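Q: Before we start, here is the structure in question, set down as structure tokens.
The values are calculated or read from the model by the stated rules, or taken from the named source; none is laboratory data. Just so you know, these numbers come straight off a predicted model, no measurement behind them. All Cβ positions, even for glycine, are placed from backbone atoms using ideal geometry, and neighbour counts span all protein chains on display.
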Amino acid sequence: VDARVAGHGSLLSRPREKQLRRDRMRPSPWGGDDLEESKESGTWLPAPEDYDAIVQSIKDYVGGWYDGDPERMRRCLHPELVKRTIVPGPEPGTWQLRRPSTFDGMVNATREGGGTEVPASQRHYQVDVLHVFRHIATARCVSPQYVDYLHLAKFGDKRWLIVHALWELRKGALERTA
């Protein structure tokens, strides 16, 4: 697994305050400066354990899928998960949203084999933690078949769960389904 903090080009390590410098933030177009307020109290900086927990949830998501392990999938998803993808539309060059997958649908699909057809030697994936703010995070996971953009939220002290996923087949996978 290759895990990175976006924009830093190095393998994910315990984040340092300098990685989240104020000069990389933009003022809100809606007014106010919640980031500045949060910065004053120190609550806007994620703890190193948060990065570890986010990456672990994504490892459970992708690893659970490819290993066909429904328990790993269950522990990383919020019960109200909404997972969507776009698919080719009826007219050439058009796209449409497919019906969303749910928590139960993902756990059941994983139980039925998930991505186990992909040989273990090809199950490489990359996790990029794109942004973390307080109790929410955005990450990207690139796996052999898919690119997923994931929204996670922190529940309780350390539990990060995937609440939204938007995914698309990678090019090679798309060609195989055509």
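Q: Please go through the range 109-121 and pick out each residue that is among the small types (Gly, Ala, Ser) and either over 15 Å from LYS83 (Cα atoms) or part of a loop (DSSP other than H, G, I, E, B) (or both). Steps first, please.
A: Step one: list which residues in the range 109-121 are among the small types (Gly, Ala, Ser), which gives 109, 113-115, 120-121.
Result: GLY113, GLY114, GLY115, ALA120, SER121.
Q: I would also like to ask the following. I'd like to know if the range 70-84 contains one or more residues that are modelled with pLDDT of 95 or more, within 20 Å of LEU152 (Cβ to Cβ) and in contact with a Cys (Cβ under 9 Å, 6 or more places away or on another chain).
A: no
Q: Which of the residues spanning the range 116-166 are in contact with a Lys or Arg (Cβ under 8 Å, 6 or more places away or on another chain) and over 26 Å from PRO46 (Cβ atoms)?
A: PRO144, GLN145
Q: OK, next. Given the criteria under 15 Å from LEU166 (Cα atoms), touching a Ser or Thr at 6+ places or on another chain (Cβ under 9 Å) and modelled with pLDDT of 95 or more, does THR102 qualify?
A: Working: under 15 Å from LEU166 (Cα atoms): yes; touching a Ser or Thr at 6+ places or on another chain (Cβ under 9 Å): no; modelled with pLDDT of 95 or more: yes.
When the stated conditions are applied, THR102 does not pass them.
Q: On the given criteria, is GLY113 among the small types (Gly, Ala, Ser), loosely packed, with under 13 Cβ neighbours inside 10 Å and within 23 Å of PRO48 (Cα to Cα)?
A: When the stated conditions are applied, GLY113 does not pass them.
Q: Can I ask one more? Which ones in the range 85-104 are within 26 Å of LYS158 (Cα to Cα) and part of a strand (DSSP E or B)?
A: Of the range 85-104, the ones within 26 Å of LYS158 (Cα to Cα) are 101-104.
Result: SER101, single match.
Q: If you don't mind, another one. Scan the range 73-104 residue by residue and report those that are touching a helix residue (DSSP H, G or I) at 6+ places or on another chain (Cβ under 8 Å) and aliphatic (A, V, I, L, M).
A: Answer for the range 73-104, where residues must be touching a helix residue (DSSP H, G or I) at 6+ places or on another chain (Cβ under 8 Å) and aliphatic (A, V, I, L, M): MET73, LEU77, LEU81.
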